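J.: Pasting a structure here, questions to come.
The values are calculated or read from the model by the stated rules, or taken from the named source; none is laboratory data. Since the structure is predicted, the reported quantities are computational estimates derived from the model, not experimental observations. FYI the Cβ positions are ideal-geometry reconstructions off the backbone, even for glycines, and counts take in every protein chain you see.
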Amino acid sequence: MPDGGQLRESWARIVADPHPLQPWRDGAAFPWADPDFSERMLRLHLDQSTHMASRTLPVIAAHVGWLEARLDEAFGPGAPRRVLDVACGPGLYCHELARRGHRAWGGDVAPAALRHARAVAADGALACGFFDLDLEDPSRQLPAEVADLDAVTLWYGEVHAHPPEATLAALCALAARLRPGGLMVLEYQPWDLYPREDLREWRACDGSPFADGPHFWLQQYHWDEASRSEINVHWIVDPATGAARRYAQSGRAWRDEELAALCAAAGLGGGVFLPPITGVDGRHEFAMLISRR
Ligand SMILES: C[S@@+](CC[C@H](N)C(=O)[O-])C[C@H]1O[C@@H](n2cnc3c(N)ncnc32)[C@H](O)[C@@H]1O
């Protein structure tokens, strides 16, 4: 039986959550850099039965084939390309690029994902390198060799996951590593796909990215029109002890013209908006924007 005092404390914390929630103020990002969280997320990244966290390997191969075609259009067919994948997770895009003969680098904050990315590259003698990169910390410099790039990619809506000023600063720093004419490739969630309603739900589950073993999972979603942002809060309650942990993630929605303006402010132009690459999963695969330095 859970301890009654612990349960009362957990319920009091859950009930004390602000209503309505305010994106960014009441929680900005999951603890991606936390070792335990990172280990659980790695399992989700590699799970071939879902497109959550990372898409399945065949979809990633299709995305990389699409990127090769866009690079051929931009620079003519052929040569090995130099590509940086930002927020690369377990490096699945870099691995696929390297298998196709390109030079790829990936940066992320998640230790387990980076460990996996490096191990696969070493096992396969793949031409890719991985490093710690915090998109929100401009003091962490990219390695000097990651320059003169043909493309920088931010897959899976990463352009929404940070406060707008941090996103702009990151895009400026990344654009500077592109060769002239190089491609900034953003997979983004179109404005119309954001739910404009408040949602609350709970479920009991045997395991999730938030905890191993059985737990209650209470989720609250709020859309804030003023900041054009969403917030998702997850309370994870351990039925054995009554202890509760809170995770929150905010996201900034961008209209197409705002995203184009953001890229322009980072010195990127000629934005081309394109539909999702495979269309395999309406919830977990988004539209594409290509801008050029
Ligand atoms: C949804 S996953 C996508 C991973 C990968 N792009 C893919 O599609 O397989 C989001 C990734 O962003 C990373 N991330 C979150 N915050 C970050 C930050 N501030 N800087 C760099 N990476 C970050 C996470 O660690 C995670 O690997």
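J.: Just need a number here: residues in the stretch 22-35 that are away from the ligand (no atom under 13 Å from the Cβ) and either among the aromatic types (Phe, Trp, Tyr) or modelled with pLDDT under 95 (or both).
T.: Step one: of the stretch 22-35, the residues away from the ligand (no atom under 13 Å from the Cβ) are 22-27.
From the residues that got through so far, the ones that are either among the aromatic types (Phe, Trp, Tyr) or modelled with pLDDT under 95 (or both) too are 24.
Number satisfying all stated conditions: 1.
J.: When the residues of the stretch 49-61 are narrowed to those that are modelled with pLDDT of 95 or more and loosely packed, with under 14 Cβ neighbours inside 10 Å, which ends up farthest from residue 86 (Cα to Cα)?
T.: Only one residue tops the list, namely 58.
Listed here are the residues, each with its yes/no results for (1) closer than 21 Å to residue 38 by Cβ; (2) at pLDDT 95 or above.
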residue	(1), (2)
206	yes, no
213	yes, no
221	no, yes
229	no, yes
235	yes, yes
247	yes, yes
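J.: What residue, of 8, 100, 43, is closer than 27 Å to residue 210 by Cβ, away from the ligand (no atom under 16 Å from the Cβ) and surrounded by fewer than 16 Cβ atoms within 10 Å (Cβ to Cβ)? Quick ask: steps written out before the conclusion?
T.: Values: 100 fails: closer than 27 Å to residue 210 by Cβ; 43 fails: away from the ligand (no atom under 16 Å from the Cβ).
Of 8, 100, 43, the one residue that is closer than 27 Å to residue 210 by Cβ, away from the ligand (no atom under 16 Å from the Cβ) and surrounded by fewer than 16 Cβ atoms within 10 Å (Cβ to Cβ) is 8.
J.: Let me ask something else. I'm checking my understanding of the structure. Among residues of the stretch 116-130 that are surrounded by fewer than 17 Cβ atoms within 10 Å (Cβ to Cβ) and at pLDDT 95 or above, which one is farthest from the ligand (Cβ to nearest atom)? Full working, then the answer.
T.: First, the residues of the stretch 116-130 that are surrounded by fewer than 17 Cβ atoms within 10 Å (Cβ to Cβ): 119, 122-125, 127.
Of the ones still in play, those that are also at pLDDT 95 or above are 119, 122-125.
On the way: 119: 16, 122: 19, 123: 18, 124: 17, 125: 22 Å.
Ranking the qualifying residues of the stretch 116-130, first place goes to 125.
J.: Which one of 208, 227 is assigned by TED's automatic domain parsing to the domain that holds residue 14, within 16 Å of the ligand (Cβ to nearest atom), closer than 30 Å to residue 12 by Cβ and in contact (Cβ under 8 Å) with a residue 24 or more places away in the chain?
T.: Details: 227 fails: within 16 Å of the ligand (Cβ to nearest atom).
That would be 208, the only listed residue that is assigned by TED's automatic domain parsing to the domain that holds residue 14, within 16 Å of the ligand (Cβ to nearest atom), closer than 30 Å to residue 12 by Cβ and in contact (Cβ under 8 Å) with a residue 24 or more places away in the chain.
J.: Look through the stretch 144-155, keep the residues that are touching a strand residue (DSSP E or B) at 6+ places or on another chain (Cβ under 6 Å) and not in a strand (DSSP E or B), and return whichever of them is surrounded by the most Cβ atoms within 10 Å (Cβ to Cβ). Show your work before the answer.
T.: Just the residues of the stretch 144-155 that are touching a strand residue (DSSP E or B) at 6+ places or on another chain (Cβ under 6 Å), to begin with: 146, 148-155.
Those still in the list that are not in a strand (DSSP E or B) too: 146, 148, 155.
On the way: 146: 21, 148: 11, 155: 24.
Top of the filtered list is 155.
J.: Condition test on residue 113, is it crowded, with 20+ Cβ neighbours inside 10 Å, farther than 23 Å from residue 70 by Cα, within 10 Å of the ligand (Cβ to nearest atom) and within 21 Å of the chain's Cα centre (by Cα)? Talk me through it step by step, then tell me what you get.
T.: Working: crowded, with 20+ Cβ neighbours inside 10 Å: yes; farther than 23 Å from residue 70 by Cα: yes; within 10 Å of the ligand (Cβ to nearest atom): yes; within 21 Å of the chain's Cα centre (by Cα): yes.
Answer is yes for this residue.
J.: Still on this structure: Looking at 273, 286 in this structure, which one is hydrophobic (A, V, I, L, M, F, W, C), touching a strand residue (DSSP E or B) at 6+ places or on another chain (Cβ under 8 Å) and closer than 30 Å to residue 206 by Cα?
T.: The match here is 286.
J.: State whether one or more residues within the stretch 80-87 are within 28 Å of residue 141 (Cβ to Cβ), of a type in the set (Gly, Ala, Ser), in the same structural domain as residue 140 (by TED's automatic domain parsing) and touching a strand residue (DSSP E or B) at 6+ places or on another chain (Cβ under 6 Å). Give the steps one after another, and end with the answer.
T.: Quick first cut of the stretch 80-87, residues within 28 Å of residue 141 (Cβ to Cβ) only: 80-87.
Imposing the further condition that a residue be of a type in the set (Gly, Ala, Ser) reduces the set to 87.
From what is left, the residues that are in the same structural domain as residue 140 (by TED's automatic domain parsing) are 87.
Still in the running and touching a strand residue (DSSP E or B) at 6+ places or on another chain (Cβ under 6 Å): 87.
Checked against the condition, which is being within 28 Å of residue 141 (Cβ to Cβ), of a type in the set (Gly, Ala, Ser), in the same structural domain as residue 140 (by TED's automatic domain parsing) and touching a strand residue (DSSP E or B) at 6+ places or on another chain (Cβ under 6 Å), the stretch 80-87 yields at least one hit.
J.: Another question, if that's okay. Quick one: residue 262 ticks every box in (1) assigned by TED's automatic domain parsing to the domain that holds residue 162; (2) over 19 Å from the mean Cα position of the chain (by Cα) except a single one, so which number is it?
T.: All conditions pass for residue 262, except number (2).
J.: Failed condition for residue 106, given (1) near the ligand (Cβ under 8 Å from one of its atoms); (2) crowded, with 20+ Cβ neighbours inside 10 Å, with all others met?
T.: Of the numbered conditions (1) near the ligand (Cβ under 8 Å from one of its atoms); (2) crowded, with 20+ Cβ neighbours inside 10 Å, the odd one out for residue 106 is (1).
J.: Yes or no: the stretch 172-183 includes at least one residue that is in a loop (DSSP other than H, G, I, E, B) and either modelled with pLDDT under 95 or under 30 Å from residue 99 (Cβ atoms) (or both). Give the derivation first.
T.: Step one: of the stretch 172-183, the residues in a loop (DSSP other than H, G, I, E, B) are 176-177.
Now restrict to residues that are either modelled with pLDDT under 95 or under 30 Å from residue 99 (Cβ atoms) (or both): 176-177.
Yes, because at least one residue in the stretch 172-183 is in a loop (DSSP other than H, G, I, E, B) and either modelled with pLDDT under 95 or under 30 Å from residue 99 (Cβ atoms) (or both).
J.: Which condition breaks for residue 60 when tested against (1) in contact with a strand residue (DSSP E or B) (Cβ under 9 Å, 6 or more places away or on another chain); (2) without any contact (Cβ under 8 Å) to a residue 60 or more places away in the chain; (3) hydrophobic (A, V, I, L, M, F, W, C)?
T.: (1)
J.: Inspect the stretch 84-95 for any residue being out of contact with any Cys (no Cβ under 7 Å at 6 or more places or on another chain) and either more than 13 Å from the ligand (Cβ to nearest atom) or farther than 22 Å from residue 161 by Cα (or both) and give the result as yes or no.
T.: no
J.: Which pairs do you get when a residue that is under 23 Å from residue 171 (Cβ atoms), found in the stretch 112-135, comes within reach of a residue that is more than 12 Å from the ligand (Cβ to nearest atom) and aliphatic (A, V, I, L, M), reach meaning Cβ atoms under 6 angstrom, with the pair 6+ apart or on two chains?
T.: The qualifying pairs are 128/98; 128/104; 128/121.
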